[in-house]
Structures are given as C-alpha cells and as structure tokens.
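*Asks:* Once you've had a glance at the structure underneath, I'll fire off some questions.
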Amino acid sequence: VISTKPAHLMNAGAGTSGTHPAVAVSGRVPVKVVGPVNKGDLLVSSSVEGRAKADNEAKAGRILGKAMESAGEGEHVIEGLINLM
C-alpha cells in the first residue's frame, strides 16, 4: 500500500516519489479497494491492479491488513490498518 503521509522515509535519497513511492508496512493508511468490504474484514490484493479486496479466509502471507471502514460494491478508498501478516 502506497502511503500518502509517511511518518518515516527509508532510502529517501534513492529517487523521487514517482520512481520510489513510500510504501506503508504498518499503520493507518488510505487503501484503494474493490467492494464490498465490511469494517474488520481482512484485506488482500485483488485482480484489479492497485486495489485490495476483502477475504476473511486468506492465509498468512497474503494479508495486507484490516479494513477500518465499510464500502459497497465498486471501487472506493477506505482507511485500512496495514500490518503485513
């Protein structure tokens, strides 16, 4: 998940935000999702590029974090608690 307000930038001198975007590995971050998503759902990568989806049956290693908000069908931006599991 690309962070919009990173608290700490590792390798900040490696390039621009276009070539080296800030990647969130932990914390509350806006997440682009394909719904439906319910608050508390586990988030994993989806078949839609750059979007997560809900999958409460996901195995460890695929989980990006948890949804902190709900969203209906279609594409939305919600707050997610990112914690790679």
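*Asks:* GNM on the chain, C-alpha springs below 10 Å: top fluctuator among SER17, SER70, SER45?
*Replies:* Comparing SER17, SER70, SER45 in a Gaussian network model of the chain, the most mobile one is SER17.
*Asks:* In whole Hz, with x marking every Gly and Pro, tabulate ³J(HN,Hα) for the range 43-57 from phi via Karplus 6.51 cos²θ - 1.76 cosθ + 1.60, θ = phi - 60°.
*Replies:* Going residue by residue, I get 10, 9, 5, 10, 6, 8, 3, x, 10, 9, 9, 7, 7, 6, 9 Hz, with x marking Gly and Pro.
*Asks:* Determine, from the Cβ-Cβ distance of LEU9 and LEU84 and an R0 of 22 Å, the FRET efficiency 1/(1 + (r/R0)^6), rounded to the nearest 0.05.
*Replies:* After rounding, the FRET efficiency stands at 0.75.
*Asks:* Would you rank LEU84, LEU64 by solvent-accessible area, highest first, keeping every protein chain in place and using a 1.4 Å probe?
*Replies:* Correct descending sequence by accessible area is LEU84, LEU64.
*Asks:* Among LYS53, LYS39, LYS66, which one shows the biggest mean-square fluctuation in a GNM of the chain, springs joining Cα atoms closer than 10 Å?
*Replies:* LYS39
*Asks:* Ok, one more. Could you state how much accessible area VAL23 has, in square angstrom rounded to the nearest 10, with a 1.4 Å probe and all protein chains kept in place?
*Replies:* Surface accessible to solvent at VAL23 totals approximately 90 Å².
*Asks:* Excluding residues on the same chain fewer than 8 positions from LYS59, give the lysines whose Cα lies under 25 Å from its Cα.
*Replies:* Straight-distance partners of LYS59: LYS32, LYS39.
*Asks:* Could you state the orientation-averaged shadow area of the convex hull built on the Cα atoms of the chain, in nm² to one decimal?
*Replies:* 5.6 nm²
*Asks:* Additional query: Who wins for biggest fluctuation among ALA71, ALA58, ALA12 in a Gaussian network model of the chain, springs between alpha carbons below 10 Å?
*Replies:* ALA12
*Asks:* Quick check for me: using +1 on Lys/Arg Cβ and -1 on Asp/Glu Cβ, what's the dipole size of the chain about its Cα centre, in debye to the nearest 20?
*Replies:* In debye, rounded to 20, the chain gives about 220.
The values are calculated or read from the model by the stated rules, or taken from the named source; none is laboratory data. Note that the structure is predicted; figures quoted are calculated from it, not measured. As a convention, Cβ positions derive from the backbone with ideal geometry for all residues, glycine included, and neighbour counts pool all protein chains shown. The protein model used for the area step is the full one, side chains on, heavy atoms only, and it has no ligands, DNA or RNA in it. Shrake-Rupley method; radii C 1.70, N 1.55, O 1.52, S 1.80 Å.
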